[in-house]
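Notes to accompany the following structure.
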Amino acid sequence: METRRDFLKQSSIMGLAGMMAPLAGFAAAPQNTTKERSKWADGSRLVVSISMQFEAGGQPDNAESPFPQNMQQGYIDLPGATWFQYGYKEGIPRMLDNWDKYGVKVTSHMVGAAVLKNPALAKEIVERGHEAAAHGMNWSTQYTMPYTEEKKFIQDGVDAIKQVTGVRAVGYNANWLRRGENTLKILQELGFTYHIDDLSRDEPFITQVNNKDFVVVPYTLRCNDIALIEGKHFSVDQFFNQVKWEFDQLYAESEYRRRQLSISFHDRIGGTPQMVKATSELLKYIQTHKGVSFKRKDEIAALALTDKSTVRE
């Protein structure tokens, strides 16, 4: 199984450019765009899309943690296991209260095994108005799976969410975004509306899968706690500034183009006291700007499908 640390090493330079020096100014408005495309279908100027990964409890034994990865074979990393337990004992409950405080609804990408281990928490997420999206049955690397195996892997995760929350997930996120050649075809066959495993744009777009429209709601590593806080050991001040600068630039561009800001939090990282405090300050800052709305990813996908001006690839 591909490790998260390997992935972070491969992408270690991503997002650092923004920390090298303060922004000198905003990019000039593109000359080939139209005002018709500058607004979202609901009139929003800029949409903020927040992910809350519900993964803890679904990880394998000895999954990567901040502890040194030098465990002898045949033993279980018990301290490392407690780091993941923090995600469902403290992290998600704290984030849920913070989302309520600011009236923000998010998308929670749920690992099936984590949902089955903590059903009350998964159900609470949905009851508090957040989206339950699929995130596989466990942390297995799905891009190496044969077609039939991968389809069952995805369906099992969907079934776990439906069993616990009563909701049928319409959005998907592969482990570390590593989908395979068959993944989108399988998602379309299983009735999904969108996936997020794409970093190529700052707005949703439509692709053709099995000769049908399928939405991409872009994700990010730049504004992602697992890539910055865990992977690069940024301070929360650095995380705050990086996301703020991202928002400022996208907000300036949103006068002329449809823009989406994506931010991602993981249960055992984004739910720590310092990160929730930093997030609280970010939400307060963002909400001072006119025309900004926070949307679940299923809402974004629905808008993209009904808007004739949505980018198509």
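Considering only residues that are touching a Leu at 6+ places or on another chain (Cβ under 7 Å), more than 19 Å from residue 230 (Cα to Cα) and surrounded by 16 or more Cβ atoms within 10 Å (Cβ to Cβ), which ones fall in segment 61-117? Spell out how you get there, then give the answer.
As a first pass, look at segment 61-117 and keep what is touching a Leu at 6+ places or on another chain (Cβ under 7 Å): 88, 92, 102, 104.
Then drop every residue that is not more than 19 Å from residue 230 (Cα to Cα), which leaves 102, 104.
The one that is touching a Leu at 6+ places or on another chain (Cβ under 7 Å), more than 19 Å from residue 230 (Cα to Cα) and surrounded by 16 or more Cβ atoms within 10 Å (Cβ to Cβ): 104.
Quick check on segment 204-215. Is at least one of its residues closer than 17 Å to residue 45 by Cβ and in contact with a Cys (Cβ under 8 Å, 6 or more places away or on another chain)?
Within segment 204-215, the first condition is being closer than 17 Å to residue 45 by Cβ, and the residues that meet it are 204.
From what is left, the residues that are in contact with a Cys (Cβ under 8 Å, 6 or more places away or on another chain) are none.
No.
Testing residue 66 on (1) under 17 Å from residue 269 (Cβ atoms); (2) at pLDDT 85 or above; (3) assigned to a loop (DSSP other than H, G, I, E, B), one condition comes back false. Which one is that?
Looking at each condition in turn, residue 66 falls short on (2).
Looking at segment 134-159 only, could you name the residues that are in contact with a strand residue (DSSP E or B) (Cβ under 8 Å, 6 or more places away or on another chain) and either assigned to a helix (DSSP H, G or I) or surrounded by fewer than 20 Cβ atoms within 10 Å (Cβ to Cβ) (or both)?
To start, the set of residues in segment 134-159 that are in contact with a strand residue (DSSP E or B) (Cβ under 8 Å, 6 or more places away or on another chain) comprises 134-135, 154, 157-158.
If the condition is that a residue be in contact with a strand residue (DSSP E or B) (Cβ under 8 Å, 6 or more places away or on another chain) and either assigned to a helix (DSSP H, G or I) or surrounded by fewer than 20 Cβ atoms within 10 Å (Cβ to Cβ) (or both), then 154, 157, 158 are the ones that fit.
Tell me which residues, restricted to segment 229-254, are assigned to a loop (DSSP other than H, G, I, E, B) and at pLDDT below 95.
Result: 231, 232, 233, 234, 235.
Of the conditions (1) outside any helix (DSSP H, G or I); (2) among the aliphatic types (A, V, I, L, M); (3) modelled with pLDDT of 95 or more, residue 113 fails just one. Which one is it?
Evaluating residue 113 over (1) outside any helix (DSSP H, G or I); (2) among the aliphatic types (A, V, I, L, M); (3) modelled with pLDDT of 95 or more leaves (1) as the failure.
Kindly evaluate residue 260 against the criterion of being surrounded by 21 or more Cβ atoms within 10 Å (Cβ to Cβ) and under 18 Å from the mean Cα position of the chain (by Cα). Before you say what the answer is, go through the steps one by one.
Working: surrounded by 21 or more Cβ atoms within 10 Å (Cβ to Cβ): yes; under 18 Å from the mean Cα position of the chain (by Cα): yes.
Yes; evaluated as a whole, the condition is true for this residue.
Could you please tell me which pairs satisfy a Cβ distance under 7 Å, a separation of 6+ or placement on different chains, a first residue in segment 239-264 that is within 15 Å of residue 283 (Cβ to Cβ), and a second residue that is among the acidic types (Asp, Glu) and surrounded by fewer than 18 Cβ atoms within 10 Å (Cβ to Cβ)?
Once the first residue is within 15 Å of residue 283 (Cβ to Cβ) and sits in segment 239-264, its partners that are among the acidic types (Asp, Glu) and surrounded by fewer than 18 Cβ atoms within 10 Å (Cβ to Cβ) give 240/281.
Let me spell it out: the conditions are (1) touching a strand residue (DSSP E or B) at 6+ places or on another chain (Cβ under 9 Å); (2) surrounded by fewer than 17 Cβ atoms within 10 Å (Cβ to Cβ), and residue 247 meets all of them except one. Which number is the exception?
Result: residue 247 passes all but (2).
Is at least one residue of segment 181-201 of a type in the set (S, T, N, Q), at pLDDT 95 or above, surrounded by 20 or more Cβ atoms within 10 Å (Cβ to Cβ) and not in a loop (DSSP other than H, G, I, E, B)?
Yes: segment 181-201 contains one or more residues that are of a type in the set (S, T, N, Q), at pLDDT 95 or above, surrounded by 20 or more Cβ atoms within 10 Å (Cβ to Cβ) and not in a loop (DSSP other than H, G, I, E, B).
Of all residues being among the small types (Gly, Ala, Ser) and surrounded by fewer than 21 Cβ atoms within 10 Å (Cβ to Cβ) in segment 263-313, which is farthest from residue 94 (Cα to Cα)? Just the residue, please.
309
Need the failing condition index for residue 177 against (1) crowded, with 16+ Cβ neighbours inside 10 Å; (2) touching a residue at least 24 places away in the same chain (Cβ under 8 Å), just the number.
Exception for residue 177: condition (1).
What's the number of the condition residue 121 fails, among (1) of a type outside the set (D, E, K, R); (2) under 20 Å from residue 184 (Cβ atoms); (3) in contact with a Pro (Cβ under 9 Å, 6 or more places away or on another chain); (4) surrounded by 21 or more Cβ atoms within 10 Å (Cβ to Cβ)?
Condition (2) is where residue 121 drops out.
I'd like to know if segment 276-284 contains one or more residues that are closer than 24 Å to residue 114 by Cβ, out of contact with any His (no Cβ under 9 Å at 6 or more places or on another chain), at pLDDT 95 or above and not hydrophobic (A, V, I, L, M, F, W, C).
So the first thing to find is which residues in segment 276-284 are closer than 24 Å to residue 114 by Cβ, and the list is 276, 279.
Narrowing further to those that are out of contact with any His (no Cβ under 9 Å at 6 or more places or on another chain): 276, 279.
Keeping just the survivors that are at pLDDT 95 or above gives 276, 279.
If we keep only those that are not hydrophobic (A, V, I, L, M, F, W, C) as well, we get 279.
Yes, there is a match, as at least one residue in segment 276-284 is closer than 24 Å to residue 114 by Cβ, out of contact with any His (no Cβ under 9 Å at 6 or more places or on another chain), at pLDDT 95 or above and not hydrophobic (A, V, I, L, M, F, W, C).
Scan (1) within 30 Å of residue 285 (Cα to Cα); (2) under 20 Å from the mean Cα position of the chain (by Cα); (3) outside any loop (DSSP other than H, G, I, E, B) for the single condition residue 89 breaks and write down its number.
All conditions pass for residue 89, except number (2).
In the list 210, 224, which residue meets the criterion of being at pLDDT below 95, touching a helix residue (DSSP H, G or I) at 6+ places or on another chain (Cβ under 6 Å) and polar (S, T, N, Q)?
210
Working only within segment 92-110, note down all residues that are outside any loop (DSSP other than H, G, I, E, B) and either touching a Gly at 6+ places or on another chain (Cβ under 7 Å) or among the basic types (Lys, Arg) (or both).
Result: 92, 94, 95, 101, 107.
The values are calculated or read from the model by the stated rules, or taken from the named source; none is laboratory data. Since we're looking at a predicted model, the values are computed, not measured. We place every Cβ from the backbone using ideal geometry, glycine too, and count neighbours over all the protein chains shown.
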